[in-house]
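S.K.: Sharing a structure here in structure tokens format.
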Protein chains: 2
Amino acid sequence: MTAFPLPPGSTIGILGGGQLGRMLALAAGRLGFDVAVLDPEAGGPASRVSAYEVVGAYDDPAALAELARLADVVTFEFENVPAAAVEHLTRLGVPVAPGARALAIAQDRVEEKTFLNGAGVATVAFAPADDAEAAREAVAALGAPALMKTRREGYDGKGQKWVEHAAEAAAAFEAVGGKPVILEAPADFVRELSVIAARGRDGEIAVYPMAENHHEKGVLRRSFAPADVSAETAAQAERIAAQILSALDYVGVIGIELFELKGGRLLVNEIAPRVHNTGHWTMDGCEVDQFEQQIRAVAGWPLGPTHAHSRVEMLNLLGQEAEAWAKLAGEPETRIHLYGKREATPGRKMGHVNRLRPL
Amino acid sequence: MTAFPLPPGSTIGILGGGQLGRMLALAAGRLGFDVAVLDPEAGGPASRVSAYEVVGAYDDPAALAELARLADVVTFEFENVPAAAVEHLTRLGVPVAPGARALAIAQDRVEEKTFLNGAGVATVAFAPADDAEAAREAVAALGAPALMKTRREGYDGKGQKWVEHAAEAAAAFEAVGGKPVILEAPADFVRELSVIAARGRDGEIAVYPMAENHHEKGVLRRSFAPADVSAETAAQAERIAAQILSALDYVGVIGIELFELKGGRLLVNEIAPRVHNTGHWTMDGCEVDQFEQQIRAVAGWPLGPTHAHSRVEMLNLLGQEAEAWAKLAGEPETRIHLYGKREATPGRKMGHVNRLRPL
């Protein structure tokens, strides 16, 4: 049985070997931990900065057994890890954080919003639909337009479609894949914000300053942090984060995407049970960034401070934009982070820059 | 032939796999580079956060050939790499930075001081001695007391002895090993300072704010940075750094240890052609730390900014002191860095903390 706090020299297992895993591994390395990465592909961004690499599917029992042998605790870099993998690791005696419940909720948009409302956190109105006729009825009940999303596995705007009239619902249902969906009422928001928060094994909660986020084609383009928000809005976000983290008995970092309505009320758009793209600004704006915070939380360490020491504009480098690395590296106010990905396919997240200004 | 600037995805080779190599590897990882570490021992601090590990002696032709096959450029984490290894790699077509000349100078205290004086940089008075009788004559000429040091391979106060009278010189010569030595006149210094500087492949020079350093038993205990120095002292240190870097046609980060005399004049005590323990404060006090700066320099990237955003007290964690990690991790002003070393033998550098205060 793993005892916490986990001493340096222990091994942190990570399910998923992309850029989030890489930045987690670099943070773990600073604290003296070893890292073991399980990913279906060999030689990915995270494994190339880690002590151990396990290549296999997330539901491959042999790969999971190998990870369990290597790791003292396991976390994940993305929310589409099969719940069965987490249960399997738990049965093998390795604690996994955040837990299976947070994962299950984040994997299903209906479960997610149902959980949030149950925890006293507001979202847009929504209705589930398992077939085309149910989708038509849901749009009729919510009112058009409504946003249709697949219940599971959508990300970065994929698997989404606006339904302008109830009569279009059946066609939209087929267009997004003919699988169970959620219909969401539109949020009349003035801007998109997010809050990154963490909860330790002792229940301690730490919340970073909020970020204001700008998306293009469903993909995060820029974040500005600390966002220019009122003290009341910041307090509202902190309450929301605390309600969610406590209701889930959560351990680790969570990303909470928010809609700010006219008048300042916040609705939760979605939650991600992991380090989050809108928290990349913390790498250069805070003393302890979201990656070290996640390692601290899952290792049972005290959480670090979350205040900002600089104002940051975070810009994602998508596809060939990362080819501007030489120019970006020469800008004095720009800190550059590159993920070591081999192929710059269009829209792929290749890196990001944090541009700093005094607070 | 390697073309500079080196694109992300290239591999940085590092000779030496200790904590300095580890922190270099973590910095290289942030910029999207892979790292290959050559070290005589397997599984050391640096290789556990690196994509490639080559195990072999620094003068093993097979190991050097393997490193040359993997790496696009090679650097080193300590100055006692054999000059022949650097020459061998260069013959194999891999650029090594900083170059063989900086390494040769740093490996021999007589060469070092001779070079410094030749570059117009002041040191204490000194004299070489290859045998016991020459040592006696040197002490007589310099005046007692004089500090005897082995010409080569001393570090952290090892291989040093104060000679109080010329008559004791012969015994001291045998006591430090019976090998060629240097005799140094005492420096009547008021404190020990250091300056970390870097030079890029284009000749650009960047200098960090100075640190004030406190040693115990020859080992660095604490650094305070930015040091409380006058503008004239800071300018003097910048001139010294520029003279040394330019005279060596240097590429990379250099650590320059200084004595501050009454009245403010600076003498150079020694130079280290690498990232330096007195520069660890930059990890939490500056936007671009000395490790990223070294990677930028050897990769031919533009150098990063060097100003401090926080005041830092750096404390080395020696031996079992690192066992206080849980307490240290809970101090809000303390950033903790651990090196992943397995055995905490007495006095071994296991990690360091940077304690932050506003500027």
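The values are calculated or read from the model by the stated rules, or taken from the named source; none is laboratory data. Predicted model only: the values in this text are computed from it and were never measured. FYI the Cβ positions are ideal-geometry reconstructions off the backbone, even for glycines, and counts take in every protein chain you see.
S.K.: Among the residues in segment B:63-70, are any touching a residue at least 60 places away in the same chain (Cβ under 8 Å), on the phi < 0 side of the Ramachandran plot and surrounded by fewer than 24 Cβ atoms within 10 Å (Cβ to Cβ)? Can you show your working first?
M.R.: Start the filter on segment B:63-70 by keeping residues that are touching a residue at least 60 places away in the same chain (Cβ under 8 Å), which leaves none.
The answer is no, given that none of the residues of segment B:63-70 is touching a residue at least 60 places away in the same chain (Cβ under 8 Å), on the phi < 0 side of the Ramachandran plot and surrounded by fewer than 24 Cβ atoms within 10 Å (Cβ to Cβ).
S.K.: If B:GLU41 satisfies all but one of (1) modelled with pLDDT under 95; (2) surrounded by fewer than 16 Cβ atoms within 10 Å (Cβ to Cβ), what's the number of the condition it fails?
M.R.: With respect to (1) modelled with pLDDT under 95; (2) surrounded by fewer than 16 Cβ atoms within 10 Å (Cβ to Cβ), B:GLU41 is out only on (1).
S.K.: Something else: Output the qualifying pairs, or none if there are none: Cβ atoms under 8 angstrom, residues six or more apart or on different chains, first residue in segment A:242-266 and farther than 14 Å from A:ALA211 by Cα, second residue of a type in the set (Asp, Glu).
M.R.: Taking only residues 6 or more apart or on different chains, the pairs are A:LEU261/A:ASP188; A:LYS262/A:ASP188; A:GLY264/A:GLU232.
S.K.: Shifting gears a bit: If you go through segment A:265-279 one residue at a time, how many are in contact with a Ser or Thr (Cβ under 6 Å, 6 or more places away or on another chain) and under 23 Å from A:TYR339 (Cβ atoms)? Break it down stepwise before answering.
M.R.: From segment A:265-279, those in contact with a Ser or Thr (Cβ under 6 Å, 6 or more places away or on another chain) are A:267-268, A:278; that's our starting set.
Next cut, under 23 Å from A:TYR339 (Cβ atoms) only: A:278.
Of the residues in segment A:265-279, 1 are in contact with a Ser or Thr (Cβ under 6 Å, 6 or more places away or on another chain) and under 23 Å from A:TYR339 (Cβ atoms).
S.K.: Of the residues B:VAL110, B:VAL54, B:VAL73, B:VAL121, only one is surrounded by 15 or more Cβ atoms within 10 Å (Cβ to Cβ), free of Cβ contacts under 8 Å to residues at least 24 places away in the same chain and out of contact with any Gly (no Cβ under 6 Å at 6 or more places or on another chain); which? Don't jump to the end; show me each part of the working.
M.R.: Numbers: B:VAL110 fails: free of Cβ contacts under 8 Å to residues at least 24 places away in the same chain; B:VAL73 fails: free of Cβ contacts under 8 Å to residues at least 24 places away in the same chain; B:VAL121 fails: free of Cβ contacts under 8 Å to residues at least 24 places away in the same chain.
Answer to the selection: B:VAL54.
S.K.: I need a count of the residues in segment A:1-18 that are over 19 Å from the mean Cα position of the chain (by Cα) and modelled with pLDDT of 95 or more.
M.R.: Pass one, segment A:1-18, residues over 19 Å from the mean Cα position of the chain (by Cα): A:1-11.
The next check asks that each one be modelled with pLDDT of 95 or more; those that pass are A:4-11.
Residues flagged as over 19 Å from the mean Cα position of the chain (by Cα) and modelled with pLDDT of 95 or more within segment A:1-18 amount to 8.
S.K.: Only residues that are more than 8 Å from chain B (Cβ to nearest Cβ) and not β-branched (Val, Ile, Thr): list them for segment A:32-42, please.
M.R.: A:ALA36, A:LEU38, A:ASP39, A:PRO40, A:GLU41, A:ALA42
Listed here are the residues, each with its yes/no results for (1) closer than 23 Å to A:GLN294 by Cα; (2) of a type in the set (A, V, I, L, M, F, W, C); (3) in contact with a helix residue (DSSP H, G or I) (Cβ under 9 Å, 6 or more places away or on another chain).
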| position | (1), (2), (3) |
| --- | --- |
| A:LEU67 | yes, yes, yes |
| A:ALA71 | yes, yes, yes |
| A:VAL74 | yes, yes, yes |
| A:GLU87 | yes, no, yes |
| A:GLU112 | yes, no, yes |
| A:GLY120 | no, no, yes |
| A:ASP131 | no, no, yes |
| A:ALA134 | no, yes, yes |
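S.K.: Which residue, of B:GLY29, B:GLY17, is surrounded by 24 or more Cβ atoms within 10 Å (Cβ to Cβ), within 14 Å of chain A (Cβ to nearest Cβ) and either in a loop (DSSP other than H, G, I, E, B) or among the hydroxyl-bearing types (Ser, Thr, Tyr) (or both)?
M.R.: Working: B:GLY29 fails: either in a loop (DSSP other than H, G, I, E, B) or among the hydroxyl-bearing types (Ser, Thr, Tyr) (or both).
Matching residue, one of B:GLY29, B:GLY17: B:GLY17.
S.K.: Here is a further query. Suppose we filter segment B:1-14 for residues that are more than 9 Å from every other protein chain (Cβ to nearest Cβ) and surrounded by fewer than 24 Cβ atoms within 10 Å (Cβ to Cβ); how many remain?
M.R.: Just the residues of segment B:1-14 that are more than 9 Å from every other protein chain (Cβ to nearest Cβ), to begin with: B:1-4, B:6, B:10-14.
Okay, now just the ones that are also surrounded by fewer than 24 Cβ atoms within 10 Å (Cβ to Cβ), so B:1-4, B:6, B:10-11.
Number of matching residues: 7.
S.K.: I'd like the full set of residues that are charged (D, E, K, R) and surrounded by fewer than 19 Cβ atoms within 10 Å (Cβ to Cβ), limited to segment B:162-185.
M.R.: Within segment B:162-185, B:GLU164, B:GLU174, B:LYS179 meet the criteria.
S.K.: A further question on this structure: If you go through segment B:247-270 one residue at a time, how many are out of contact with any Pro (no Cβ under 9 Å at 6 or more places or on another chain) and buried (at least 24 other Cβ atoms within 10 Å of the Cβ)?
M.R.: Of the residues in segment B:247-270, the ones out of contact with any Pro (no Cβ under 9 Å at 6 or more places or on another chain) are B:247, B:249, B:256-270.
Then keep just the ones that are buried (at least 24 other Cβ atoms within 10 Å of the Cβ); that gives B:256, B:258, B:268.
Counting residues in segment B:247-270 that are out of contact with any Pro (no Cβ under 9 Å at 6 or more places or on another chain) and buried (at least 24 other Cβ atoms within 10 Å of the Cβ) gives 3.
S.K.: Here is a further query. Could you tell me which of the residues A:GLU292, A:GLU287 is surrounded by fewer than 24 Cβ atoms within 10 Å (Cβ to Cβ), in contact with a helix residue (DSSP H, G or I) (Cβ under 9 Å, 6 or more places away or on another chain) and acidic (Asp, Glu)?
M.R.: On the way: A:GLU292 fails: surrounded by fewer than 24 Cβ atoms within 10 Å (Cβ to Cβ).
Exactly one residue qualifies, and that residue is A:GLU287.
S.K.: Here's something else I'd like to know. Taking the stated definitions as given, is A:PHE76 within 30 Å of B:LEU24 (Cβ to Cβ) and either within 14 Å of another protein chain (Cβ to nearest Cβ) or touching a strand residue (DSSP E or B) at 6+ places or on another chain (Cβ under 6 Å) (or both)?
M.R.: Details: within 30 Å of B:LEU24 (Cβ to Cβ): yes; either within 14 Å of another protein chain (Cβ to nearest Cβ) or touching a strand residue (DSSP E or B) at 6+ places or on another chain (Cβ under 6 Å) (or both): yes.
It is true that A:PHE76 is within 30 Å of B:LEU24 (Cβ to Cβ) and either within 14 Å of another protein chain (Cβ to nearest Cβ) or touching a strand residue (DSSP E or B) at 6+ places or on another chain (Cβ under 6 Å) (or both).
S.K.: Return yes when A:VAL229 is aliphatic (A, V, I, L, M), at pLDDT 95 or above and within 28 Å of A:VAL73 (Cα to Cα) and no when it is not.
M.R.: Considered against the rule, which asks whether it is aliphatic (A, V, I, L, M), at pLDDT 95 or above and within 28 Å of A:VAL73 (Cα to Cα), A:VAL229 comes out as no.
S.K.: Considering each of B:LEU328, B:LEU261 in turn, give the residue that is closer than 30 Å to A:PRO358 by Cβ and over 19 Å from the mean Cα position of the chain (by Cα).
M.R.: Numbers: B:LEU261 fails: closer than 30 Å to A:PRO358 by Cβ.
Criteria check complete, one pass: B:LEU328.
S.K.: Just a yes or no: is a residue in segment A:264-279 within 14 Å of another protein chain (Cβ to nearest Cβ), out of contact with any Phe, Trp or Tyr (no Cβ under 8 Å at 6 or more places or on another chain) and modelled with pLDDT of 95 or more? Walk me through it before giving the result.
M.R.: To start, the set of residues in segment A:264-279 that are within 14 Å of another protein chain (Cβ to nearest Cβ) comprises none.
Scanning segment A:264-279 turns up no residue that is within 14 Å of another protein chain (Cβ to nearest Cβ), out of contact with any Phe, Trp or Tyr (no Cβ under 8 Å at 6 or more places or on another chain) and modelled with pLDDT of 95 or more.
S.K.: Of all residues in segment A:295-311, which are buried (at least 23 other Cβ atoms within 10 Å of the Cβ) and modelled with pLDDT under 95?
M.R.: Result: no residue meets the conditions.
S.K.: While we're on this one: I'd like to check which strands (runs of 3 or more DSSP E) are fully inside segment A:117-178 and have at least 2 residues that are closer than 18 Å to A:LEU258 by Cβ. Outline the logic, then answer.
M.R.: Numbers: elements: A:126-129, A:146-150, A:160-163.
Passing ranges, in order: A:146-150.
S.K.: Same structure, new question: State which residue is nearest to A:VAL219 (Cα to Cα) when the search covers only segment A:320-359 and only residues that are at the interface with chain B (Cβ under 8 Å from one of its Cβ atoms) and touching a His at 6+ places or on another chain (Cβ under 6 Å).
M.R.: The extreme case among them is A:GLY351.
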